[in-house]
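Asker: Input: one structure, supplied below.
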Amino acid sequence: MADIHARHDHIGHAWPAFEVLVERTMALNFARGLDETRPVYLERDAAVAAGFRDVLTLPTFPIAMSTERVDLIFAMLELLRLDPARILHASQRFVHHQPICVGDLLTGRKRVVSIADRKGGALTFVDTVIEYRDAAGALVCEDHCSLVHRNP
Amino acid sequence: MNPPTPGSTLPPLDSGIITRHRVALYMHGSGDTNPIHVDSDFAREKAGLPDCIVHGMYSMGMFGRLLAAWGGPGSVQTIETRFAAMLPVKERLLCEGVVESVDPAEGGVIATVALKATRSDGTLIASGSARVHVR
């Protein structure tokens, strides 16, 4: 149980900021994989005609931006002493403040929001957020991830 | 579209058969390269599953499509999903949304929508909620 209590000391821990470029190939594969057919998500001209800078990404695309930094997931598991084989993705939430388009260069910053033990310590829920901001520092999107760890 | 009212339903989205090709495209688009999604040998021998499973985030992606098709491009303000069960490849998802409440907002309304995704046998795969700015 000592490990579990030590985990709570890391609430609020933040990792260094990182840059992420919204690449065309990724955005198009993401949309095609989901069988999206509306041109605003696939063709630059259609997106521009609809008032966007370039191809618009779908509402859950930020997961691709976060997955580019899978090293941060492993860093978190190590910091909190969580076993990857005992982790499940419990829930996911995105909060959008501005549209995300192909070619956008954003800055992400990840931190631990909460760590909570449930079911008498059998489970630990770890909530993290990655905030994405534009060059002016304005908030673009929040990626809230909740993982559950089955404690040994 | 008529202004949304509590209890009204969104046009449902049937994913169609989620082929291995679609899962492979999604893998490249999402960056989630876990072999359990694309390598059936791995799924059987290492994970003890009958076949590959679709990314959990794929179901959430379908919710995103459902909502954006309804509210329009850029209308989804928040989208949240809880993952309930694994979905094997070559299955289909039925995604449904129901308006729970409507609040005034600039140039339109914010609709709070409850979401659920079920496979063809009725098993719940994912549920969730969203806030959509309908203009």
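Asker: Take the range A:49-68 and flag every residue that is surrounded by 24 or more Cβ atoms within 10 Å (Cβ to Cβ), without any contact (Cβ under 8 Å) to a residue 40 or more places away in the chain and assigned to a helix (DSSP H, G or I).
Answerer: The one that is surrounded by 24 or more Cβ atoms within 10 Å (Cβ to Cβ), without any contact (Cβ under 8 Å) to a residue 40 or more places away in the chain and assigned to a helix (DSSP H, G or I): A:Ala64.
Each row is one residue, and each column tells you yes or no for (1) closer than 16 Å to A:Pro59 by Cα; (2) surrounded by fewer than 24 Cβ atoms within 10 Å (Cβ to Cβ).
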| position | (1), (2) |
| --- | --- |
| B:Ser59 | yes, no |
| B:Leu66 | yes, no |
| B:Glu80 | yes, yes |
| B:Val89 | no, yes |
| B:Gly97 | yes, no |
| B:Asp103 | no, yes |
| B:Val109 | no, yes |
| B:Ser120 | no, yes |
| B:Val134 | yes, yes |
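Asker: Do we find a residue being free of Cβ contacts under 8 Å to residues at least 40 places away in the same chain and either under 20 Å from B:Val76 (Cβ atoms) or surrounded by 20 or more Cβ atoms within 10 Å (Cβ to Cβ) (or both) anywhere in the range A:14-27?
Answerer: Yes, the range A:14-27 contains at least one residue that is free of Cβ contacts under 8 Å to residues at least 40 places away in the same chain and either under 20 Å from B:Val76 (Cβ atoms) or surrounded by 20 or more Cβ atoms within 10 Å (Cβ to Cβ) (or both).
Asker: Quick one: in the range A:20-35, which of the residues that are in contact with a Gly (Cβ under 8 Å, 6 or more places away or on another chain) and either among the aromatic types (Phe, Trp, Tyr) or in a loop (DSSP other than H, G, I, E, B) (or both) is nearest to the other protein chains (Cβ to nearest Cβ)?
Answerer: Among them, the one singled out is A:Phe30.
Asker: While we're here: May I ask you to list the residues in the range B:96-135 that are of a type in the set (Val, Ile, Thr) and either on the phi > 0 side of the Ramachandran plot or touching a strand residue (DSSP E or B) at 6+ places or on another chain (Cβ under 9 Å) (or both)? It would help to see each step written out before you state the result.
Answerer: If we filter the range B:96-135 for residues that are of a type in the set (Val, Ile, Thr), which is where we start, we get B:98-99, B:102, B:109-110, B:112-113, B:118, B:123, B:125, B:132, B:134.
Residues satisfying the conditions are B:Val98, B:Val99, B:Val102, B:Val109, B:Ile110, B:Thr112, B:Val113, B:Thr118, B:Ile125, B:Val132, B:Val134.
Asker: Being farther than 21 Å from A:Leu28 by Cβ and either under 16 Å from the mean Cα position of the chain (by Cα) or surrounded by 12 or more Cβ atoms within 10 Å (Cβ to Cβ) (or both) is the filter here, so list the residues in the range B:1-16 that pass it.
Answerer: Correct list: B:Pro4, B:Ser8, B:Thr9, B:Leu10, B:Pro11, B:Pro12, B:Asp14.
Asker: For A:Val40, are the conditions met, namely being in a helix (DSSP H, G or I), at the interface with another protein chain (Cβ under 10 Å from one of its Cβ atoms) and of a type in the set (A, V, I, L, M, F, W, C)?
Answerer: Here the answer is yes, as A:Val40 does meet what is asked.
Asker: Separate question: How many residues are more than 16 Å from B:Val76 (Cβ to Cβ) and over 16 Å from the mean Cα position of the chain (by Cα) if we restrict to the range B:107-135?
Answerer: 1
Asker: Six or more apart or on different chains, Cβ under 7 Å: which pairs go from a residue in the range B:12-24 that's free of Cβ contacts under 8 Å to residues at least 60 places away in the same chain to one that's in a loop (DSSP other than H, G, I, E, B) and aliphatic (A, V, I, L, M)? Could you list them?
Answerer: Hits for this filter: B:Ala24/B:Val38.
Asker: Which of the residues that make up the range A:69-113 are more than 14 Å from A:Ala14 (Cα to Cα), more than 14 Å from chain B (Cβ to nearest Cβ) and surrounded by 16 or more Cβ atoms within 10 Å (Cβ to Cβ)?
Answerer: Passing the criteria: A:Leu82, A:Leu106.
Asker: Go through the residues of the range B:56-68 one by one and say whether even a single one is out of contact with any strand residue (DSSP E or B) (no Cβ under 9 Å at 6 or more places or on another chain) and in contact (Cβ under 8 Å) with a residue 60 or more places away in the chain.
Answerer: no
None of the figures in this text is laboratory data; all of them are computed from the coordinates on show. Remember, predicted model here, so these are calculated numbers, not experimental data. For neighbour counting, all protein chains shown are included, and Cβ atoms are generated from backbone atoms with ideal geometry for every residue, glycine included.
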